[in-house]
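The values are calculated or read from the model by the stated rules, or taken from the named source; none is laboratory data. These numbers were taken from a predicted model, which means no experiment stands behind them. Neighbour counts run over all protein chains shown; Cβ positions are idealised from the backbone, glycine included.
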Amino acid sequence: MINLTVYSREGCHLCEEAIQLVQELSHEIDFTFTIVDIHCEDALVEKYGLMIPVVEYAGKELAYGKIKKDFLSKRIHDHVRIE
């Protein structure tokens, strides 16, 4: 099973949009996802602070910032095919 991670933070409108988009895609593509607030860990704030939202799969960043549905869908399919 594919499990994506969405790095986010409270009060981030782009994060809210990305989470909604990922949720929509999860109905089209068989995957689950976990939302992680970057403020729970200093290392995450340092790594993703300026990039959020970030969608990651198996340690690879698939998309970040203003995320487009078609782009993320293609990135998910590309990575699933490789593995």
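In the stretch 40-63, what residues are touching a helix residue (DSSP H, G or I) at 6+ places or on another chain (Cβ under 8 Å), part of a strand (DSSP E or B) and crowded, with 17+ Cβ neighbours inside 10 Å? Scanning the stretch 40-63 gives Val54, Val55, Tyr57, Leu62, Ala63.
Arg75 falls short on exactly one of the conditions (1) surrounded by 17 or more Cβ atoms within 10 Å (Cβ to Cβ); (2) over 21 Å from Met1 (Cβ atoms); (3) not acidic (Asp, Glu), and that condition is (2).
Confirm whether Val6 is in contact with a helix residue (DSSP H, G or I) (Cβ under 7 Å, 6 or more places away or on another chain) and modelled with pLDDT of 95 or more. Considered against the rule, which asks whether it is in contact with a helix residue (DSSP H, G or I) (Cβ under 7 Å, 6 or more places away or on another chain) and modelled with pLDDT of 95 or more, Val6 comes out as yes.
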